[in-house]
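Asks: Questions regarding the structure given below will be posed in turn.
None of the figures in this text is laboratory data; all of them are computed from the coordinates on show. Owing to the predicted nature of the structure, the values given are computational and were not obtained by experimental measurement. Cβ atoms come from the backbone with ideal geometry, glycine included; neighbour counts cover every protein chain shown.
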Amino acid sequence: MGSIDSTSLLNEATGGTAVGDQFPLLPERVKEASAHLNGSALHEHALKKVADAPAPPITYPPSPWKPRFELENHGIDEARSLRVVVIGAGLSGVLAGILLPAKVPKIDLTIYEKNADVGGTWFENVYPGVRCDIPANVYQSTFTPRTQWSEKFAQGSEILQYWQDQARKYDVYRYVKFNSSIQTAEWSDDEAKWIITIKNTSTNETFVDRADFVITATGRFNHWKLPEYPGIGDYKGVLRHTSNWDPSFDPKGKNVAVIGNGASGIQVVPNLQPIVNRLDHYARNKTWIAGSWAGDERTFEPQYFSAEELESFKDDQTYLKYRKELEAQYWRRFASTFRGSQENEEMRENFIKIMRQRLAKKPELLDSLVPDFSPNCRRLTPGPGYLEAITEDNVDFVQTPIKRFTETGIETVDGKHREVDAIFCATGSHAVPQYKIIARGVNLSETWKPEGKYGFPYTYLGLATPGFPNLLYVHGPHAAGPSGTVPHAVEVQLTYYAKLLRKVSSQGIRTVEPSKQAADDFVEYSDAYFATTVLTDNCSSWANGGKAGLRISGMWPGSAAHVTIVRKEPRWEDWEYTYLAKSQNRFAYFGNGWTTKEADPESDIASYLKVPSEIDLKDLHEKWWDWP
């Protein structure tokens, strides 16, 4: 082999040009070194000398690439704090105060409650006979049950105690501001915040709060309403809505009137009848009196648990078995809501049989009570003791329409006047919020009224309304199906909102609202679905806003299991977003390419690794809180 000519190799590699000339972006000190090398006669020696020398520091030139936006200097897993205001501290508000702090990192939560304590409808309703018309073991949270209910169908005071106990157990009280009545909530596009005006009902002073999100949790029966009869302001006796009962009033020996035969009217009548002198019961609408909601035996007298039953419930597995069997009955009563179904026909026959038996003392009342619409068109009311009460001699069952109120009583259109010491109105609640919710010049309540833009509570999946950013509803329109349980439905809805809030706080989202197309598609589906059910029979109910023929908005268009699946995973494509980044780049929240865990040498960067026996493949890598 011949010797290797280093000069030839160098010339071949450089194309005959000086070392460094073919790399115009190299630092000058590198070019200077190459020039010295090329000028030397002893190339081999020079190459050896350069090879032995320490490498000079190199400063790289700036990139010619100019990005359109600057990276945000934070880890992708850094979430911002969201200011969230919940309106109402009833069942839904208490559950919000428990679940949202557990599921939404850095949440800044305040719950405004107009009353002096939590409990909502169970705090307000103290009329005689108020109790739950479904079993207490069903009407409780799924995750913090009470095993020692004293009665199967608990009185209102015991239900109130349960929810107040949970609020204490989970420290919900720290979030609640009492005696705080919402006056207005107005959206500011400039601030991307809700500006909320609140009135302190103790001092009558008003103050303002701001929130990134408002969640209404006032329920369906929060804002009671008196009837709008002529002369109602002239009446001089005791006038109360059943939801605004005066505990100081003693009805014993008095002449009283009860207007309405909804849930509260049906409960209060049999409790007043034995103690009053005379009771005039104005029942304009016919109604079904159910034997029970789901096959449970009901009696007017309290149905206490035995000491043996309560003792057995202290065993977790025994109580779980009892609770599952009981709750399952309420999930499997869905078929009776469909028009023409065998289940609905059997229900009708059974209810007529029960009503005939209970009206034995005045059988002529049966035709006055049996409706011309199907069971389940209106909310079923078991009403133990009600039918027996209206057959008693001291009760006048009046279906003649009311003409007017007078100073001393009520006059009907047939000219008959009945004087009474007190009038109790079981006349329902307002279907729309009674405080103003305004966004971009539009008042939500006005659009929902029958004469408004939409004419019904217009929503996307009962969750939110287009045009009202960062506004969510808990147990409002389309809240739950005609089966299942209220607490479970609320928990599922709040879990959905926790996912939405986590997305907003962690992905640089400024505002979120459903698209109009998504909401319109939901309304179209709902209309088609409800047309197959008895809910669209010719009856007035809170499901249709109190007027037959209006759209059904008080029920979910499907079963309880159906709505649970729909709300299990958000359809993010149905929502519209704006972003915090000036560029409006949806990926700006990617940050600097790091996570905060990586920057912390003490963090468990491999938290996903578990003992094999603890791994369930169904939820592998699906826990939102467990990532590198």
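Asks: With each pseudo-label sitting 7 Å past Cα toward Cβ, what's the Phe249-Glu346 distance in nm, one decimal?
Replies: So the two model labels end up 4.3 nm from each other.
Asks: Given N residues in the stretch 552-628, what is Rg(Cα) / (2.2 N^0.38 Å)?
Replies: 1.67
Asks: While we're here: Rank Gly233, Pro270, Asn344 by how far each Cα sits towards the positive end of the charge dipole of the stretch 222-374 (+1 on Lys, Arg Cβ; -1 on Asp, Glu Cβ) and give me just the farthest.
Replies: Most positive-ward Cα: Gly233.
Asks: According to a simple spin-label model (label point 7 Å from Cα along Cα-to-Cβ), what is the distance in nm between Asp234 and Asp619?
Replies: 6.6
Asks: Let me spell out the model: positive unit charges on the Cβ of Lys and Arg, negative unit charges on the Cβ of Asp and Glu, origin at the Cα centre of the chain. What dipole size does that give, in debye rounded to 20?
Replies: Around 1160 debye, computed over the chain.
Asks: Just list whichever of Lys236/Lys416; Lys106/Lys503; Lys353/Lys547; Lys169/Lys568; Lys225/Lys568 have alpha carbons separated by over 24 Å in the model shown.
Replies: Beyond 24 Å: Lys353/Lys547; Lys169/Lys568; Lys225/Lys568.
Asks: From zero outward in steps of 20 Å, how is the percent of C-alpha pairs of the chain spread across the bins?
Replies: Per 20 Å bin, starting at zero, the Cα-Cα P(r) for the chain comes out as 16, 42, 23, 9, 6, 4, 1 percent.
Asks: May I ask for the longest run of the chain untouched by chymotrypsin sites (Phe, Trp or Tyr not before Pro) that are loop-located per DSSP and have at most 16 neighbouring C-beta atoms (other than their own) within 10 Å?
Replies: Within the chain, the longest run free of exposed chymotrypsin sites (Phe, Trp or Tyr not before Pro) spans 301-586.
Asks: Using a 4.7 Å cut-off between beta carbons, which cysteines in the chain end up with no partner cysteine at all?
Replies: Cys132, Cys425, each lacking another Cys Cβ under 4.7 Å.
Asks: Taking the Cβ of each residue in Asp372, Asp396 as the centre, tally the other Cβ atoms inside 10 Å and list the residues starting with the fewest.
Replies: Asp372, Asp396
Asks: What's the local net charge at Asp626, with K and R +1, D and E -1, over the other residues with C-beta under 12 Å away? It would help to have the intermediate numbers written out before the result.
Replies: On the way: positive: Lys597, Lys610, Lys623; negative: Asp77, Asp604, Asp619, Glu622.
So the environment of Asp626 carries a net charge of -1.
Asks: Please list, in order, the residues from the stretch 213-230 whose amide nitrogen is less than 18 Å from a point placed 7 Å along the Cα→Cβ vector of Ser188.
Replies: Zone members listed by number: 213-215.
Asks: Counting each DSSP H run of 4 or more residues in the chain as -39500 (n - 2.57), what helix-only mean residue ellipticity at 222 nm follows after dividing by all residues, to the nearest 500 deg cm²/dmol?
Replies: Values: 17 runs with 172 residues, N = 628.
It comes out at -8000 deg cm²/dmol, rounded to the nearest 500.
Asks: Just list whichever of Lys597/Lys623; Lys114/Lys199; Lys103/Lys436; Lys114/Lys193 have alpha carbons separated by over 18 Å in the model shown.
Replies: With Cα atoms farther than 18 Å apart: Lys103/Lys436; Lys114/Lys193.
Asks: As I understand it, the dipole of the chain uses +1 on the Cβ of Lys and Arg and -1 on the Cβ of Asp and Glu, about the Cα centre. Which of Thr408, Leu444, Pro302 lies farthest toward its positive end?
Replies: The residue sitting most towards the positive pole is Thr408.
Asks: Another one. Determine, from the Cβ-Cβ distance of Ser157 and Lys321 and an R0 of 25 Å, the FRET efficiency 1/(1 + (r/R0)^6), rounded to the nearest 0.05.
Replies: 0.30
Asks: Limiting things to C-alpha atoms, what are the Rg and the maximum Cα-Cα separation (Dmax) for the stretch 421-464, in angstroms?
Replies: When restricted to the Cα atoms of the stretch 421-464, Rg and Dmax are 14.0, 49 Å.
Asks: Please find the FRET efficiency linking Ala307 to Arg332, where r is the Cβ-Cβ separation and R0 is fixed at 22 Å, and quote it to the nearest 0.05.
Replies: On the way: r = 31 Å, r/R0 = 1.39.
The value I calculate is 0.10.
Asks: Dipole size in debye (nearest 20) for the stretch 65-106 around its Cα centre, Lys and Arg Cβ +1, Asp and Glu Cβ -1?
Replies: Computed about the Cα centre, the dipole is about 100 debye.
Asks: Now a separate question. Students often get this wrong: which residues of the stretch 576-613 have the backbone nitrogen under 12 Å from the point 7 angstrom along Cα-to-C-beta of Lys503?
Replies: Zone members listed by number: 576-578.
Asks: A further question follows. Would you mind pulling out the separation of the Cα centroids of the stretch 179-218 and the stretch 478-517, in Å?
Replies: 21
Asks: Oh, and also: Under 1.5 on a/c is rounded, so check that first for the stretch 185-224, then, if it is not, pick prolate when a/b is larger than b/c and oblate when it is not; a ≥ b ≥ c are the square roots of the alpha carbon gyration tensor eigenvalues.
Replies: Here the stretch 185-224 falls in the oblate category.
Asks: Same structure again: How many percent of DSSP beta bridges within the chain run antiparallel, rounded to 5?
Replies: 50
Asks: If I model a spin label as a point 7 Å beyond the Cα along the Cα-Cβ vector, how far apart are those points for Ser368 and Arg298 in nm?
Replies: 2.1
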